[in-house]
1. Name every residue in the range 249-295 that is closer than 30 Å to G360 by Cα, surrounded by fewer than 18 Cβ atoms within 10 Å (Cβ to Cβ) and of a type in the set (A, V, I, L, M, F, W, C), in order of residue number.
2. Specify the residue that is farthest from P540 (Cα to Cα); the eligible residues are those in the range 185-226 that are out of contact with any Leu (no Cβ under 7 Å at 6 or more places or on another chain) and not in a helix (DSSP H, G or I).
3. When residues of the range 528-559 are filtered for being buried (at least 20 other Cβ atoms within 10 Å of the Cβ) and part of a helix (DSSP H, G or I), how many remain?
4. In the range 83-110, which residues are surrounded by fewer than 18 Cβ atoms within 10 Å (Cβ to Cβ) and closer than 23 Å to P55 by Cα?
5. Within the range 500-520, is even one residue open to solvent by less than 40 Å² (accessible area, probe 1.4 Å), assigned to a helix (DSSP H, G or I), at pLDDT 65 or above and in contact with a helix residue (DSSP H, G or I) (Cβ under 9 Å, 6 or more places away or on another chain)?
6. For L318, only one of the following conditions fails: (1) in contact (Cβ under 8 Å) with a residue 12 or more places away in the chain; (2) under 30 Å from I442 (Cα atoms). What is its number?
7. Of the residues in the range 227-240, how many are part of a helix (DSSP H, G or I) and free of Cβ contacts under 8 Å to residues at least 60 places away in the same chain?
8. Would you confirm, using the coordinates I've provided, whether T431 is among the polar types (S, T, N, Q) and open to solvent by less than 30 Å² (accessible area, probe 1.4 Å)?
Amino acid sequence: MPVISFDDLIPQGGGTTAGKAISFDDLIPKRQPQHLSFEEGQRLLEEESKRAGIPGAIDAFGRGIVKTATAGFADELGAGARWLGGKVLPWRPEVTYQQALDEVRGSNQALAAEHPYADGAGQVTGAVGQAAALGRSGLSFAGRAIDAGKGLSGVVRGSAADGLVLGAATGAGEADGDASSRMRGAVEGGTGGLLIGGAIPLAMSGAGSAARKVISPFLTNAQREAAVQALAREGVDVTAGQRTGSNGLRYAESEIGGKRAADVMERQGEQYTAAALRRTGTNASRATPEVVDDAFRRIGGQFDSLASRNQILPDAKLAQDLGGVWQDYASLVPESQRAPVVLDMINDIGQQLGKGPLQGDAYQAARSRLDKMARSSARDPQLQDALYGLRNSLDDAMERSLAQVNPDDLGAWREVRNQYRNMLTIERAATGAGENAAQGLISPQALRNATVNTQGRRNYARGNGDFAELARSGAAVLQPMPNSGTAGRLNAQSLGTGLAGVLGGGAGYASGGDPASMAAGALAGFAAPRIAGRALMSGPVQSYLGNQAAQGMRLSPTAQKIFNMLMNIEGSQEAPSVGRAVLP
């Protein structure tokens, strides 16, 4: 078989085909051009752009971080690295520093224009990181002022110093040309940064105050809010004016609140009275004579039941207590004016205890006599205190005996004793002067006075006893406003009556000019305060006016430092422009 060479494949005939020379390239199959539709071409371009866009966006994000973190000197730093690379790396062509700077700036600008969102996100990230680092490191002048607890003026001065430094650095970094141009840029940037930095704390303070005012129109202090919360735990509702302590709001509620305000006050009085009565084991909303009498009967019956099955064991403590009562009474009252009943009762008790334990019925009888005599001796406070002292001495002795021989009754005994002691406070508070007391409503002031008188001024001052917090909270929040003669009340009255009517009549005259229009306008004016009063006392409005949601809306010192520095860093980007605008 003959061997075929490559030349044998070339057609013979002078090496031409139709007069054309044939070369090796003529033997290679030609690729037919591919015709794409516009949609297919655009899809291919988009895919290619996405493949190149993701790395480009990451690059833009990173360059944005460096730009902010270096105060605008990222171009110079990049140009320095490019120039040095041309000197030491054989595969990098050598360039001058200016050529490298032009190359880096052109690349940065093109990348930022192609990926503006990534570049902006990088700058924000860099600003936040720089602000956190500077704010916490102690390098911030404003941060030092905040840590030192200085007021707004001190923070303004510190922030202005921060702005000066950052603005000067940014102005010098963004400037082109020689050292004089960069010095001019530093002066312009520093001037603008000084102004922007000083304005930042003022703007933050003003914006924060305005925001808190919108959210919570009437902020109150911590002590008043604690009293409000104590009343809320007792089931006592308060108005927005009472919660915030705003006199203007309280006057408005009183004057234009109308029947709704009156209903709120009456319900509030019942809630407060019910809270006080619960401390005696009584479930009622008014301390009427019938309610008070029933409470004493119930508590007395419980005393009788416990006493009938127990006895008092004589001990040295009881003898000391009885002797102490007599010594106190004798030291306060001259012998000629002493009531013999005190010593007589001590002798009777001593004789019975000398025979052995004091049985329950004898204790019950002695206690009942002492209690009745004490309650009827209000005009002789020394005698009343002595009689109550004897009764308390017997009660204490019974409690010690129960702890020894019948501990199962000890808890019930202590509860009944406490209810009885609280009932004495209720009795005094409910028998005071005034319309509310006559209707069985206990006012905070009456409860406060009764608590001091029956349970001791020192206990009240120290917050001891069942009524101390309730009386103190009620006196702080539920005090009535002055009835007349105050400017706030007179303003509220004029708003609620004459002024609204006059304005309404004037509007009617202006609109129609005839008597009918004036009368209609006046009637509308007089009706307006009623409508406003109903709106004021409505649930949503009361909740809004009384809310304290903005009470805790204050940045912590660390957050203040970081946020102030962040605003200064962002402001430094505009500082050169501000400086050029204000400098000659």
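1. Matches in the range 249-295: none.
2. Going through the qualifying residues, I end up with N221.
3. 6
4. Matches in the range 83-110: G85, R92, D102, E103, R105, G106, S107, Q109, A110.
5. The answer is no, given that none of the residues of the range 500-520 is open to solvent by less than 40 Å² (accessible area, probe 1.4 Å), assigned to a helix (DSSP H, G or I), at pLDDT 65 or above and in contact with a helix residue (DSSP H, G or I) (Cβ under 9 Å, 6 or more places away or on another chain).
6. Every listed condition holds for L318 apart from (2).
7. Looking only at that region, the number is 3.
8. Here the answer is no, as T431 does not meet what is asked.
The values are calculated or read from the model by the stated rules, or taken from the named source; none is laboratory data. Fair warning: this is a prediction, and the values are worked out from it, not measured in the lab. As a convention, Cβ positions derive from the backbone with ideal geometry for all residues, glycine included, and neighbour counts pool all protein chains shown. With ligands, DNA and RNA removed, areas are computed over all heavy atoms of the protein, side chains included. Shrake-Rupley method; radii C 1.70, N 1.55, O 1.52, S 1.80 Å.
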